[in-house]
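The values are calculated or read from the model by the stated rules, or taken from the named source; none is laboratory data. Computed from a predicted structure; not experimentally measured. Heads up, the Cβs are rebuilt from the backbone with ideal geometry, glycines too, and the neighbour counts pull from every protein chain shown. Each accessible area value is taken on the protein alone, full model and side chains, heavy atoms only, with ligands, DNA and RNA left out. Shrake-Rupley method; radii C 1.70, N 1.55, O 1.52, S 1.80 Å.
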Amino acid sequence: MNALMKTLKNVDLRKRILFTVVILIIYRIGVFIPVPGIHQGVLYEMMQGASVLGFMDALSGGALSQFSIFAMSITPYITASIIIQLLQMDVIPVLAEWAKEGETGKRKINQLTRYMSLILAFIQGLTMAFGFNVMSGGVLLQTQAWWVYFFIAIVMTAGTAILLFLADQITAKGIGNGTSMLIIAGIMSRFPGMFGDIYRTYLTNLTPINILSAVVVVALMAITIVMVIYLQSATRKLPIQYANRHSSAQLAGAKDSFIPFKLNSAGVIPVIFASTIVSLPLTIANFFPDAGWSRPVTAIFDSTQPIGLVLFIVLIFAFTFFYAFVQVSPEKIAENLKKQNSYIPGIRPGDDTENYVSKILGRVTFIGAIYLVIIATMPIVLGFIPGLDIPQSVQIGGTGILIVVGVALETAKQISNKNQEKEYRGFIKK
């Protein structure tokens, strides 16, 4: 309550929160604006029971099933981010140099990522217009002319560009990371439908099995929230010492001289990346359900199937390690410690420090990856239990809760930091 009162008294924070709310309202209005030239409602009916598209629809806040101008959400940006970050790993020397240029290089990479996002958005929009029309038997589009596909792709690309603009505005003038806020706004809009599915599945017919199943599902959600809240803030502290500091000063400042390694340095990004990667082939396969290759593709990439679940787990692990080592670079840490004339006790500066930091980060990240896998796959695994009959929306909801709670914690931390900044400024003025 005290934190809430501080937030309400902070004029700058009030403006930022109000600005963010207005942007999210604009986003939600756009979700219900259909793409011109389609028969609205056709896609919604087709997607009922189409589990392979469930996560993409949840990520877009229902915009995909509405086939609205925001149907692609910011998934092209997520895909472009994955590609650019992979290319930075000394694949393209120019990108590797930009990554080392600080803020200037970061701006160049962000600009390139946005350009690539628009290119991918146009390709994805063209594919979706063609594929969904094929799925509907040719009744989705009002006109079957070739130029209609390009027109729809351009409109959907413009929708993605608008979302990127809105995300940038939230990041600059609002509260939290704009991209993350749009994602959780879409996911949270699907929660009422998820609880509705729970009610219809278990509570319309009150049998002992259904009641027990409802209790298990609700308990699962509560455990997920508690685990995310606790483990997102868990850290491994690596002590450091300064060679030019007096020994008594080192002892006095020992509590504050450490490098914190978060248990989950990558946040919820690996789950979003993994879900996006598996969703793309499934979407294409769903466009052509009668094709001979669509069934094996579905078996490989559908996370509700055994093979697809294993692939989903592998991708989460891979992206967790990749993103953690990108966010926390052992090479940069070793270089910075050397510049600051500091060291890790018992470890030589230079390569030995880099190797030691890599080893510690790898161990911590391994535990973090296991935590992400458990949270993201627990509802899916329980869905394999005969008789439990977990709704598809709840299986997707496990990942959704992980994303929402993770982003909410980061946003709350940012609000707390801004409150502290105001207190410090007020103290200095006095």
request  = Give the calculated FRET efficiency between ALA96 and ALA214 to the nearest 0.05, with a Förster radius of 56 Å applied to their Cβ-Cβ distance.
outcome  = 0.60
ask   = Which loop-located trypsin sites (Lys or Arg not before Pro) does the range 71-128 contain, where loop means any DSSP state but H, G, I, E or B and the Cβ has at most 12 other Cβ atoms within 10 Å?
value = LYS100
key: Nonlocal amide H pairs with THR235, under 5 Å, H built at 1.01 Å   = LEU263
message = Taking 2.2 N^0.38 Å as the expected size of a compact globular protein, what ratio does the Cα radius of gyration of the range 124-210 give against it, to two decimals?
response = 1.63
query = Expressed in nm to one decimal, what extension gain is obtained for the pair LYS15 and MET89 from 0.36 nm per residue of sequence separation less their Cα-Cα distance?
reply = 22.7 nm
query = Helix 351-382 versus the longest principal axis of the chain: what angle, 0 to 90°, nearest 10, using Cα atoms?
reply = 30 degrees
key: Mean Cα-pair separation over length for the range 163-235, i.e. relative contact order, pairs under 8 Å, 6 or more apart, %   = 14 percent
key: Listed values (1) -0.40; (2) -0.31; (3) -0.44, entry calculated as log10 I(q)/I(0) by the Debye sum over Cα atoms at q = 0.07 Å⁻¹   = (1)
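Return one whole number: the accessible area per residue of the chain in Å², for a 1.4 Å probe.
Heavy-atom accessible area per residue stands at 51 Å².
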inquiry  = What do you get for the angle between helix 330-339 and the principal long axis of the chain? Use alpha-carbon atoms, 0 to 90 degrees, nearest ten.
reply    = 30 degrees
key: Sites ARG107 and TRP146, calculated FRET efficiency, Cβ-Cβ separation with R0 45 Å, nearest 0.05   = 0.70
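Carbon and sulfur atoms: what percent of the 1.4 Å accessible area of the chain do they account for?
Carbon and sulfur: 66 percent of the exposed surface of the chain.
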remark   = One computes Rg over Rh for the range 196-238 from alpha-carbon atoms, with the Kirkwood Rh, and obtains 1.30
query = Over the range 87-151, how many percent of alpha carbon pairs lie in each 10 Å bin up to the one with the longest distance?
reply = 20, 31, 17, 18, 14, 1
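Any of LYS237/LYS338; LYS100/LYS418; LYS15/LYS108; LYS100/LYS237 with alpha carbons more than 22 Å apart? Name them for me.
Working: LYS237/LYS338 19 Å; LYS100/LYS418 29 Å; LYS15/LYS108 30 Å; LYS100/LYS237 26 Å.
In this structure, LYS100/LYS418; LYS15/LYS108; LYS100/LYS237 lie more than 22 Å apart at Cα.
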query = Cα centroid distance between the range 114-183 and the range 286-324, in Å?
reply = 23 Å
ask   = Given the Cα-Cα distance of ARG295 and HIS39 and 0.36 nm per residue of separation, how much length would full extension add, in nm?
value = 89.3 nm
request  = Note the angle between two axes, namely the Cα long axis of helix 269-287 and the longest principal axis of the Cα atoms of the chain, as a number of degrees from 0 to 90, rounded to the nearest 10.
outcome  = 20 degrees
note = In whole Hz, the Karplus estimates of ³J(HN,Hα) for the range 168-184 (6.51, -1.76, 1.60; θ = phi - 60°; x where Gly or Pro) are 5, 5, 5, 4, 7, 10, x, 10, x, 7, x, 4, 5, 5, 5, 5, 6
